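Working notes for the structure below.
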Amino acid sequence: MRVLVRPAQYVALAGYIVFLGFPLLWLISASVKSSAELNSLTVSLLPSQWHWDNYAQALARQGLMSSAANSLVVALASTVLVILIAMPAAYVLARLKGAIRVAGVGWILVSQVFPVILIILPLFLILRTMNLTDSLVGLTLVHTTYTLPFALWMLQGYVVGIPTELEEAGSMDGATRLTVLRRIVFPLLAPGIVATAMFSFVSSWNEFFFALVLLQSPENYTLPITLTSFIGGEGKVALGPLAAGSFLAAIPSIVFFSIMQKKLTGGLMAGAVKG
Amino acid sequence: MSAPTAPAAGPTTSTAGRPARPLRHRGGLERGRRREAAALVMPSLLPILVLSVAPLVMGIALAFTDARLVRHPDYQFVGVDNFVRLADNSFFWDSFRIGMIWAVSVTVLQLVLALGLAQLLNSGLRLQGLTRVLALIPWAMPPVVVAIMWKMIYSPNAGPLNAFLGALGLPDDINWLADFSTALPAVIVVGVWVGMPQTTVTLLAGLQQIPGELHEAASMDGANAWRRFTAVTWPSLRPIVASITSLNFIWNFNSFSLVYVLTEGGPGGRTMLPMLFTYLEAFKNRNIGYAAAMGVVLVVVVVLLLAVYLRSQFRDDRAVKKG
């Protein structure tokens, strides 16, 4: 009986590996197959010949490059905004105690689980009066607002790690608050800022719902919207280039997750990276 | 909208020339410090108030109007009319029921599968490194790419799933996402695939905190594997299971993108999650007031779930303190 436990465990593990890994493997495989092979009835994981042309086609495809550029602009702009406005607030949040801190942390938690469907309706009307629907500026502001809670949470965690003695030493020397923040706190925060910036970038790059609601003209589409518009036409899709484009779109988050792998354990960190 | 960044200049001027002291102060903050803290928080607070809190309040107000999503809206206060209509809208409640089936199935399957995987990853097998990396893949993919990927797998003609079934001699012509009976189970599998990694990682962290001596002691007393699980593992994991399960349930209930791209709620509404239903009412039927009423109902459900979650957390906290 005991002898059978290990083999059974390995069989189960193999099952998990196939279930978790196969879909991505299939996407990559489809991205290097010719359309003839993708539509043939003999299905195999390895392509009969490697068809790299799909990548060239995906990139040349109408709208894909410009959507990638839109995604890049929105993701970079919202990342910069998030970091700039979150840094001072995260500092306060980390150094405070009592009711304000409880309120701040409570709001962060609630914002991670609150259904956005009710908020998007008036938000759409508000942004429309400001002429910010169907606009990358509007989308950037929305992404900034909705990445902010978790960015604050990440950053304040890093601030807590900076001993207050360092600040006190700085102020003994007569430095002002701003100097202390700029010379002592923010430089020590660098790793936290990098991690938070990467998180903000990936959240915005992957974001679908707000982009779907807010953007209307194809020249403003972000990458996820353009990708879904390709699968809309029933049966008419060139699967190879679609797979290639999808794989390219996934690269930023794959990079982020491989770097953050060790940190993605437990707690709120595990919580809020939900799509 | 440059407003949110403007107040950032506040603290620089007000503190210039004054030596800084740490913000934290025994017995609270004195007035100057408090004003300074407010100025530092303001750039974050402003966009949140304008783009998140104000819309929430307006959204609730909208639910009591007959607003339509048209160029020059002209709407009136209609009291609870929308809610009365909604109570009779069987399509909405069908969608609510589907949302519940979806959220319960995905959450439970996620938990069971993740618990199994976490146990395997905690039992000294080979290939653990590989599995850990693989386990993060679903988590790392953008939802839209996940949906595209699974659409290919479920493809009725040249999809690998049907090919695999055919090779086993089983029916191989199932149109998974378009068939009335298979569509909901098929999207549930994708939901499980997406959510499993995070649950696994959380549970694994919990498992690793259980001291090895507990298991050894139980073994010495002659406990078999199942007995060790029920007597040692499960009781230690319970608080983590409670919190990750309630959070997963809320997230799954709120889910939109994945199913929207996979099926758009079809076939025949069989995968119409409530968030999709509300979205379509607002942006396709353009009944934004009515959709807001649906949104309010969904928010109330989520807030109730959240309250249950927070209560369980609070109870655990107290239990820990007492213990």
For region B:93-112, what are the residues that are within 14 Å of chain A (Cβ to nearest Cβ) and either without any contact (Cβ under 8 Å) to a residue 60 or more places away in the chain or over 21 Å from the mean Cα position of the chain (by Cα) (or both)?
-> B:Val112
Answer with yes or no whether B:Thr230 is assigned to a helix (DSSP H, G or I), within 13 Å of another protein chain (Cβ to nearest Cβ), out of contact with any Cys (no Cβ under 6 Å at 6 or more places or on another chain) and of a type in the set (S, T, N, Q).
-> no
Scan the helices (runs of 4 or more DSSP H) fully inside region A:1-93 and keep the ones with 1 or more residues being touching a Phe, Trp or Tyr at 6+ places or on another chain (Cβ under 8 Å) and small (Gly, Ala, Ser).
-> A:2-31
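Determine, yes or no, whether A:Leu139 is hydrophobic (A, V, I, L, M, F, W, C), closer than 21 Å to A:Phe199 by Cβ and buried (at least 19 other Cβ atoms within 10 Å of the Cβ).
When the stated conditions are applied, A:Leu139 passes them.
Scan region B:118-140 for residues that are in contact (Cβ under 8 Å) with a residue 40 or more places away in the chain and facing chain A (nearest Cβ under 7 Å) and jot them down. Explain how you work it out, then say what you get.
Initial filter on region B:118-140 (in contact (Cβ under 8 Å) with a residue 40 or more places away in the chain): B:118-119, B:121-122, B:135-139.
Of everything in region B:118-140, those that are in contact (Cβ under 8 Å) with a residue 40 or more places away in the chain and facing chain A (nearest Cβ under 7 Å) turn out to be B:Ala135, B:Leu136, B:Ile137, B:Pro138, B:Trp139.
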By residue number, the members of region A:125-136 that are facing chain B (nearest Cβ under 9 Å) and either crowded, with 22+ Cβ neighbours inside 10 Å or of a type in the set (Gly, Ala, Ser) (or both) are A:Leu127
Within region B:279-312, which residues are facing chain A (nearest Cβ under 9 Å) and over 20 Å from B:Ala61 (Cβ atoms)?
-> B:Leu305, B:Leu306, B:Tyr309, B:Leu310
Taking B:Gly99 as meeting all but one of (1) at pLDDT below 90; (2) crowded, with 17+ Cβ neighbours inside 10 Å; (3) in a helix (DSSP H, G or I), write down the number of the exception.
-> (1)
Can we say B:Gly169 is small (Gly, Ala, Ser) and either closer than 23 Å to A:Phe19 by Cβ or touching a strand residue (DSSP E or B) at 6+ places or on another chain (Cβ under 8 Å) (or both)?
-> yes
Please give the number of the condition B:Leu115 fails out of (1) at pLDDT below 90; (2) under 30 Å from the mean Cα position of the chain (by Cα); (3) not acidic (Asp, Glu).
-> (1)
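Can B:Leu237 be described as out of contact with any helix residue (DSSP H, G or I) (no Cβ under 7 Å at 6 or more places or on another chain), part of a helix (DSSP H, G or I) and farther than 25 Å from A:Ile225 by Cα?
no
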Complete set of residues in region A:115-124 that are assigned to a loop (DSSP other than H, G, I, E, B) and more than 7 Å from every other protein chain (Cβ to nearest Cβ) | A:Val116
Restricting attention to region B:148-168, does a residue exist that is part of a loop (DSSP other than H, G, I, E, B), crowded, with 16+ Cβ neighbours inside 10 Å and facing chain A (nearest Cβ under 8 Å)?
-> yes
Of the numbered conditions (1) in a helix (DSSP H, G or I); (2) surrounded by fewer than 17 Cβ atoms within 10 Å (Cβ to Cβ); (3) touching a residue at least 40 places away in the same chain (Cβ under 8 Å), B:Val57 satisfies every one except a single condition; which is it?
-> (3)
Those residues that are in contact (Cβ under 8 Å) with a residue 60 or more places away in the chain and farther than 21 Å from A:Ser111 by Cα, I need them from region B:238-259; list them, please.
-> B:Pro239, B:Val241, B:Val259
Filter result (β-branched (Val, Ile, Thr) and either out of contact with any Lys or Arg (no Cβ under 9 Å at 6 or more places or on another chain) or not assigned by TED's automatic domain parsing to the domain that holds B:Thr199 (or both)) within region B:57-109 | B:Val57, B:Ile60, B:Thr65, B:Val70, B:Val78, B:Val80, B:Val84, B:Ile101, B:Val104, B:Val106, B:Thr107, B:Val108
Quick check: is even one residue across region B:121-144 part of a loop (DSSP other than H, G, I, E, B), in contact with a Gly (Cβ under 9 Å, 6 or more places away or on another chain), buried (at least 23 other Cβ atoms within 10 Å of the Cβ) and modelled with pLDDT of 85 or more?
-> yes
Name the residues in region A:54-64 that are loosely packed, with under 15 Cβ neighbours inside 10 Å and modelled with pLDDT of 80 or more, would you?
-> A:Ala56, A:Leu59, A:Ala60
Can you tell me which residue within region A:94-108, out of those that are under 22 Å from A:Gly192 (Cα atoms) and in a loop (DSSP other than H, G, I, E, B), is modelled with the highest pLDDT?
-> A:Leu96
Restricting attention to region B:193-204, does a residue exist that is without any contact (Cβ under 8 Å) to a residue 40 or more places away in the chain and surrounded by 23 or more Cβ atoms within 10 Å (Cβ to Cβ)?
-> no
Of the residues that sit in region A:160-182 and are out of contact with any helix residue (DSSP H, G or I) (no Cβ under 8 Å at 6 or more places or on another chain) and facing chain B (nearest Cβ under 7 Å), which one is farthest from A:Leu84 (Cα to Cα)?
-> A:Gly174
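The values are calculated or read from the model by the stated rules, or taken from the named source; none is laboratory data. This one's a predicted model, so the numbers in the text were calculated from it and none came from an experiment. Backbone-built Cβ (ideal geometry, glycine too); neighbour counts: all protein chains shown.
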